[in-house]
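Scroll down for the structure; my scribbles are underneath it.
The values are calculated or read from the model by the stated rules, or taken from the named source; none is laboratory data. What you see is a predicted model, and the numbers here were worked out from it, not measured in a lab. Cβ coordinates were reconstructed from backbone atoms using ideal geometry, including for glycine residues, and neighbour counts include every protein chain displayed. Heads up: the accessible areas ignore ligands, DNA and RNA and are worked out on the full protein's heavy atoms, side chains in. Shrake-Rupley method; radii C 1.70, N 1.55, O 1.52, S 1.80 Å.
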Amino acid sequence: MGKVKLAMHAAAGCGGCDVSVLDLHERILEVAGAAELLFWPMFCDGSVKDLEEYPDRHLDASLFNGAIRNSEDEHMARLLRQKSRVLVAFGSCAHLGGIPGLANLNSLEELLRVVYQDTPSTVNPKKSRPTELYWMPPGELRLPRMHGQVLALDEVVRVDQYLPGCPPAVEQLWALLRAIVQSELPPPGAVVGASNIALCDECERSKGEKRIKAFRDLASFVPDPEVCFLEQGVICCGPATRSGCGGRCGKANMPCRGCYGPPDDVEDQGAKLLSSIASVIDSDDPAEIGRIVEQVRDPAGTFYRYSLPSAFLSGACREEAS
Amino acid sequence: MTRITIDPITRLEGHGKIELFLDGAGEVADAVLQIPELRGFERFCMGRPVTELARIVPKICGVCPGAHHLAAAKAIDAVYQVEPPPAAKKLRELFYCAHVFHSHIAHFYVLAAPDFVLGPAADPSRRNILGVIAKVGRDLGGSVLRHRRIGQDIQALLAGHQTDLVWCVPGGVSKGISEKQRLGVVELARSCVEFAKTTVGVFDRLVLSNEQYVDLILSGPYALCAHSMGLVDSRNQLSLDEGQVRVVDTRAQEIARFAPQDYLEHIGERVEPWTYLKFPFLKLKGWSGLRDGQDSGVYRAGPLARINAADGVSTPLAQVERERFFATLGGRPVHATLAQHWARVIELLFVAERMLELASDPEVASPEIRRLSRQIPREGVGVVEAPRGMLMHHYVTDEKGLVVKVNLIVGTTHNHAPICMSIAKAARGVIGRDKPMTDGALNMIEMAFRAYDPCFSCATHNLPGRAPIEVLVRERDGTLIAREAP
């Protein structure tokens, strides 16, 4: 049996997914033995031109990480889709939009204004902005065009498998690579390397009745490491987050922020979290409820921390922006 | 006028493109590095609770999340006007030394070593880590992978995960370590010191003993006469996570020394319409374009700048190596871009020695890891030395702790102008009318930016493949006249 042909590409992301593959450590040599890495700009040498010249479906699998932020990301998504038998949305950004997707809370114009004008160290009296096409004395220079909104990978192309996590747990990506090499992938559309229950259901912290009168700020509070965060009034995204990460944040005594995305039976992670959080408030008095809810200072940025581009809410934002 | 496009530059984190313009005589007229990406953290961190930023900003870079996590932690401490207890500070420093340790290993062995161990013009299919292992031997190769792993493992032990960092909270950290875990780290750190010493020997044997390489390091195309910026402690010794920012000029004279919160008085950032990345400069000198020299506002950050800016290194083995560095390369400051590799090796030794010192201190196993703040949150600046250069985070909040303003200047951004100029200088040195455009020549241009370990090219691994770059030679109107594909 020949080696399987693989590609890995980073779009709008941080490179942490690529690094997570390196964190296979000595096992990376086994990967090199079983797979031919035909395109992986972060670590290997190979050009987009090579990729374009391959026949369609030449690659056995492409692992795509990062969200779709600009025209180049979209082009690469379409190209890799065309050249691959299996396309994997690898990590939170490709899966759900991820942290870069928080940009969808604001317009692109605002984002550019803040970065290139408002930031205090910026010296830009002419209000210059990077432009798609710029003529400077020796010749023209081109940049990709930024989209108005950040998109998850499956909003641009069909995705066969999803590997959640920011970044995915190393053992799960190892299992994914083995499944690719052994042609044992589940049917298209599956979320691989994670279970289908909520993180809460496997959390080892003690759980009693959740009735709370106040939400706590971690700046002035140390949570008990043995007790459910929500019971202590600390917002935790465990109720609407797929398990599979091994509860790594909880073990560092910090609450979940939802990077594995929702389990199958939850359509919208943020909406589900909103209802979970509302249900633990211990009051029937509307004024008191109002005061307690006020303590949830950033519901959109907390409940949709990793999933805004794939949420219902993002659709609403997009309509407003267009 | 003809144009050469190097696109994509591979083995990079993020995206980058180099454009070279040749004049009628075939000499390099100009070289431009473009960064085609922007995610805009400065905007979407606004509105978030500032305590959450320590969890959000590590996602700026998955290669150096530790640097962003710690810079955020320090900025947030300042926002809440709270000082972590000694054990928490030591734990944070231990964590950070482990971070720099594995980052420097990855850069030196995986990214830089192929150019030196195998040679700049070696067969591209061998010019990678596997080629390096074949030449230096499997024992050393295995040790490289093992010690990168140790760095990641110490980070994960302390912070919960090696990449998804959630550990630093205002006034300390979210969990400590046990005495047993501390003793385990002592053993790992001992091994790290030995490995760093081995690395010094490797650099000696493979680079410094080779006259051609020393000549290359000291040659004109790889020199850049810029000021140097680095973090120093109260005795002006090298520091990676505490202290003041010091700038020395092209003659190693101090021209600025300031506390992190005063950075805006000293640094400005220029916007250019042809790249998404800004150009920082020293306000003292002003921005006068992409040029080096004593009157330019362009400065460098990163290992070479740090060793130039500091008067010494506090750990014994690294200090000896620092002396040898300046003695060999003609005294302080060193302007040789490729000397960054040696400076990085010296820092590898420094952080390994520091890890051992810190882990040997029983206080790091203390349960006193948090001080709570009762202050109204306001504004804070956090500065650390990321592996590849100074990292500045600046947050302003409302009275509820929601972020209203964020400013970030990252290591590679500080080096943006120097990287552009180093590329152009190397290009002029290796490409021209009488110099054939070979793969080796193009790789020698890439060596100029690789020396900076730029974060958009935080490449840490390189499996067998083809030449890293594709070259398109175009007429001025864009017509393709030649293609040099590997």
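Kindly provide the set of residues from the stretch B:148-162 that are open to solvent by 10 Å² or more (accessible area, probe 1.4 Å) and either under 22 Å from the mean Cα position of the chain (by Cα) or modelled with pLDDT under 90 (or both), ordered by number.
Once the filter is applied, which keeps residues that are open to solvent by 10 Å² or more (accessible area, probe 1.4 Å) and either under 22 Å from the mean Cα position of the chain (by Cα) or modelled with pLDDT under 90 (or both), the stretch B:148-162 yields B:ARG148, B:ARG149, B:ILE150, B:ASP153, B:ALA156, B:GLY160, B:HIS161, B:GLN162.
Need pairs with beta-carbon distance below 6 Å; first residue among the charged types (D, E, K, R) and within the stretch A:117-137, second assigned to a loop (DSSP other than H, G, I, E, B) and at pLDDT below 85; sequence gap 6+ or separate chains.
Pairs found: A:GLU132/A:LEU143.
For residues in the stretch B:397-449 being of a type in the set (D, E, K, R) and part of a helix (DSSP H, G or I), which is surrounded by the fewest Cβ atoms within 10 Å (Cβ to Cβ)?
Result: B:ARG428.
Looking at B:GLU52, B:GLU37, B:GLU42, which one is modelled with pLDDT under 95, open to solvent by 10 Å² or more (accessible area, probe 1.4 Å) and assigned to a helix (DSSP H, G or I)?
The conditions single out B:GLU42.
Kindly indicate which of A:ASN70, A:ASN124 is closer than 30 Å to A:ASP268 by Cβ, facing chain B (nearest Cβ under 8 Å) and not aliphatic (A, V, I, L, M).
Testing whether each residue is closer than 30 Å to A:ASP268 by Cβ, facing chain B (nearest Cβ under 8 Å) and not aliphatic (A, V, I, L, M) leaves just A:ASN70.
Matching residues to (1) within 29 Å of B:LYS135 (Cβ to Cβ); (2) open to solvent by 10 Å² or more (accessible area, probe 1.4 Å); (3) at pLDDT 95 or above; (4) polar (S, T, N, Q):
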residue	(1), (2), (3), (4)
B:LEU70	no, no, yes, no
B:VAL79	no, no, yes, no
B:LYS90	no, yes, yes, no
B:GLU93	no, yes, yes, no
B:HIS99	yes, no, yes, no
B:ILE105	yes, no, no, no
B:PHE108	yes, yes, no, no
B:PHE116	yes, yes, no, no
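I'm checking my understanding of the structure. Among residues of the stretch B:345-385 that are modelled with pLDDT of 95 or more and of a type in the set (Gly, Ala, Ser), which one is nearest to B:PRO316 (Cα to Cα)?
Of everything passing the filter in the stretch B:345-385, B:ALA352 is nearest to B:PRO316 (Cα to Cα).
Residues in the stretch A:205-247 that are among the acidic types (Asp, Glu), part of a loop (DSSP other than H, G, I, E, B) and either more than 19 Å from B:TRP167 (Cα to Cα) or in contact with a Gly (Cβ under 8 Å, 6 or more places away or on another chain) (or both): how many?
Matching residues across the stretch A:205-247 total 2.
Consider A:VAL222 carefully, then state whether it is within 12 Å of another protein chain (Cβ to nearest Cβ) and under 17 Å from A:ASP282 (Cα atoms).
So A:VAL222 fails the test.
Which members of the stretch B:201-238 meet the condition of being among the polar types (S, T, N, Q) and open to solvent by less than 10 Å² (accessible area, probe 1.4 Å)?
B:SER228
Among what's in the stretch A:83-108 and is within 16 Å of the chain's Cα centre (by Cα) and open to solvent by 10 Å² or more (accessible area, probe 1.4 Å), pick the residue that is nearest to the other protein chains (Cβ to nearest Cβ).
So the residue we want is A:LEU105.
If you scan the stretch A:248-259, which residues turn out to be within 11 Å of another protein chain (Cβ to nearest Cβ) and in a loop (DSSP other than H, G, I, E, B)?
Selection gives A:ALA252, A:ASN253, A:MET254, A:PRO255, A:CYS256, A:ARG257, A:CYS259.
Looking at (1) without any contact (Cβ under 8 Å) to a residue 12 or more places away in the chain; (2) more than 11 Å from every other protein chain (Cβ to nearest Cβ), which is the only condition A:LEU29 fails?
(2)
With respect to B:LEU53, determine if the residue is away from chain A (no Cβ under 12 Å) and touching a strand residue (DSSP E or B) at 6+ places or on another chain (Cβ under 8 Å).
In short, no.
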